[in-house]
1. Highest mean first, how do 82-91, 225-234 rank when packing is the count of other Cβ atoms within 10 Å averaged over residues?
2. Take the Cβ-Cβ distance between ASP339 and GLN292 as r, set R0 to 30 Å, and report the resulting FRET efficiency rounded to the nearest 0.05.
3. Which lysines have a Cα lying under 21 Å from the Cα of LYS315, excluding residues fewer than 8 positions away in the same chain?
4. Once amide H atoms are placed 1.01 Å from N in the peptide plane, what residues at a sequence separation of 5 or more from SER87, or on another chain, have their amide H within under 5 Å of its amide H?
5. What distance in nm separates the two pseudo spin-label positions at THR481 and SER274, each 7 Å out from Cα along the beta-carbon direction?
6. What is the extension gain from ASN152 to ALA227, computed as 0.36 nm multiplied by their sequence separation minus the C-alpha to C-alpha distance, in nm to one decimal?
7. Consider a paramagnetic label point 7 Å from the Cα of GLU455 along Cα→Cβ; state which residues of the range 219-234 have an amide N under 20 Å from it.
8. Length gain on complete extension for the stretch SER311 to GLU186, per 0.36 nm per residue less the alpha carbon to alpha carbon distance?
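Quick note: the coordinates plus some simple rules give every number you see, no bench work behind them. Everything numeric here is computed off the predicted structure, so don't read it as measured data. Note: ideal-geometry Cβ built from the backbone for every residue, glycine included; neighbour counts use all protein chains shown.
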Amino acid sequence: MASPDSFFTSPTNQVGTTGLNVLTSSNVIEVYDKATPDVQAQLGMPFGSEDLGIMQLLEEAGQTESAVFGNEYVHFEQGRIRDLVKSSGAGTDNSTNVSFTVSTTSSVPAGSPLQTWYANPTSATTVNNVRIGDVLWVPRSGGNAYETKVTNISGQTVTVVPVKVYDTNLATDCAAIASAIDANTEMFVGGNAWAEGTGQPTSRDVKTYKYTNFIQTFKETYKVNGATLGQMAAIEMPNGAKYWYIQGILNARRNFEQQIEAQLLAGSKIDTTSSVFDETFKTEGLITSMQQYANSESYTVGSFSLTDIDSGISKLKKYRGASENLFVAGNGLITEVDDIIRTSEGMKAGGIQYAGIGGSDRAVRFGFDSFTRSGVTFHYKSLQAFDDPTMFGATNSSYKDLGLVLPTGNTTSYDYGRSAISVPTMRMVYLDVEGEQMGYKEWLDGTAGAVSIGENDVQAVYMRKRAGLEVFGLNRFLLFTAV
């Protein structure tokens with residue numbers, strides 16, 4: 001048997017005779033190449049959690065999370081108490097009165113008319129949104145109007161007589177009123193006038209509008225084989241775990257939640273007969289709802305102006321928007337809003353704010369948090385979703401230049417000190433199913449690790465959520481669209 005010494009040999013060269021440093025000899029270099037590198041123990045997260053900011057947006061806009069008990073959920077909203085009267089053609093001069101045909105009618109049960117609960121009464125009649133005895137104002141130039149009284153209604157033909165002499169005589173006034181009415185002329189009812197001893201006017205009711213949306217079922221899966229469960233990573237995850245599959249599960253859950261947020265922001269209901277969507281529901285998101293029912297104001301990208309804001313405010317005023325709003329958009333539009341404020345006359349000299357930071361140091365603040373115009377306040381901020389290049393902020397995205405104005409209060413801007421009527425803004429809903437937590441369920445499958453279900457050497461994490469969005473009073477919302 002060989003002695004242990006026989007396994008070792010003397011160095012072939014001495015340092016003194018070759019001039020070589022042993023630390024750079026080929027043998028040492030070879031071993032060094034195979035040595036463990038210095039690895040930073042913490043996993044870097046350069047994009048953070050990659051939140052889109054949509055849930056924060058919904059929360060700031062006053063949304064709540066509520067249970068529903070059906071895949072289809074409905075609410076009703078009452079229309080305006082008053083309706084405009086619109087003509088469908090030119091007025092007719094009858095010398096002593098004026099007649100015209102209305103284009104705004106509704107079908108109600110026959111009676112006087114008679115309001116009823118039943119959707120299928122024995123008979124119905126077409127009525128106008130104006131009644132005999134009503135005082136009707138016909139547009140007139142010069143900040144005035146022709147005040148008339150409705151004296152007769154026959155079908156869709158309405159007959160009016162001027163309340164006073166506006167020009168020379170009745171015939172002249174009737175000719176002027178008839179010429180003031182053409183197709184699509186809008187007139188409004190302001191009171192009524194009845195003679196003593198007369199009967200009552202006919203009954204009328206206010207329209208209601210039905211809004212329907214649906215619960216959408218979302219799913220996600222993260223699957224890993226058994227051998228991978230035991231592989232320890234060289235780095236530590238932000239949650240302290242040393243196993244990559246745990247980070248994988250968290251990433252899958254985070255992406256799952258953001259996919260839900262994307263649908264709540266801009267999803268559409270199914271409106272197709274394709275078999276692909278058999279037994280499938282989809283929810284209508286915030287942007288899609290606003291595009292259909294909210295106020296809209298277009299602007300030119302790169303040239304957003306105070307005129308655009310004023311025009312939007314006028315629509316909010318017209319349709320009873322809130323006096324305090326949240327204005328969210330991508331960084332581009334928010335910067336344009338900042339520039340409007342910063343460069344406006346009267347702001348150039350005193351509008352830039354200097355703030356002390358850590359003592360006597362000063363910093364120039366070019367940005368702003370909110371502004372008030374015509375009694376309407378806008379708190380504005382960037383929405384990360386519109387800047388995310390992997391979603392709504394993609395280069396060819398049609399969403400990235402949108403501006404959403406959402407009411408932050410539950411009342412309109414026209415309460416005038418009276419008892420305010422609460423108007424909810426929006427809510428996220430979930431289908432209340434026993435065994436699920438607010439519409440969410442997560443469970444495991446496979447036989448790897450501590451799971452013993454089935455026969456496959458895998459561990460699968462399944463995620464499912466049943467959720468939807470419901471928006472109220474979209475007349476109080478405003479959408480800035482880019483052209």
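1. On the way: 82-91: 16.8, 225-234: 12.8.
By packing density, highest mean first, the sequence is 82-91, 225-234.
2. On the way: r = 31 Å, r/R0 = 1.03.
Computed FRET efficiency for ASP339 and GLN292 comes out at 0.45.
3. LYS86
4. Amide H to amide H, under 5 Å and 5 or more residues apart or across chains, SER87 pairs with SER103, ASN184, THR185, MET187.
5. 2.3 nm
6. 18.2 nm
7. In the range 219-234, the label zone of GLU455 (backbone N under 20 Å from the point 7 Å along Cα→Cβ) covers 224-227.
8. Values: separation 125, 0.36 × 125 = 45.00 nm, distance 2.09 nm.
Answer, rounded to one decimal: 42.9 nm.
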